[in-house]
Structures are given as C-alpha cells and as structure tokens.
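Report on the following structure.
Read the figures in this text as sums done on the coordinates, not as results from a lab. In this text, all values refer to a predicted model and were calculated from it rather than measured experimentally. Quick reminder, even Gly has a Cβ in these numbers, built from the backbone with ideal geometry, and neighbours come from all protein chains shown.
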Amino acid sequence: MAKACAVCGKGKISGNKVSHSVRRTRRTWSPNVKKVKAIVSGSPKRIMVCTRCLRSGRVERAI
C-alpha cells in the first residue's frame, strides 16, 4: 500500500533524529494519510489522502 497522498503527493521524508547527547541517527517521517472514499473523475473511489488536503477541502468526499 502506498503511503503518499493521492492529491498533493506528500510522502515520506527523511532526516536525523538527534538525541539529548546530540548523536545523530537517520529516521523517516510519514505523512498523516487516511483511506477515504472520494469522487475521482465522476465516480467514487478509495484513495489515500493526507489530512491537510481533507481539511482544506481539496477532496470531495463520497457518502
């Protein structure tokens, strides 16, 4: 299952986890994506959408 937003394309990003003693190890941050039923090109379809796109109204939810 893809963990990227189908609307804006937001996906995993990587960087450093920095401990209290300032040692650095690699880690990843995943976007907050939800599986929703949305209207895609006139028909309802299940897609993965980030919560920012849901909240801003970029996705038309199918009921």
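Things to note:
- Test result for residue 42, within 10 Å of the chain's Cα centre (by Cα) and small (Gly, Ala, Ser): no
- All positions within region 1-28 that are assigned to a strand (DSSP E or B) and either among the hydroxyl-bearing types (Ser, Thr, Tyr) or in contact with a helix residue (DSSP H, G or I) (Cβ under 7 Å, 6 or more places away or on another chain) (or both): 14, 25, 28
- Residues that are hydrophobic (A, V, I, L, M, F, W, C) and either surrounded by fewer than 11 Cβ atoms within 10 Å (Cβ to Cβ) or closer than 27 Å to residue 59 by Cα (or both), drawn from region 1-26: 1, 2, 4, 5, 6, 7, 8, 13, 22
- Output for region 24-57, where each listed residue is of a type in the set (Val, Ile, Thr) and farther than 27 Å from residue 14 by Cα: 39, 40
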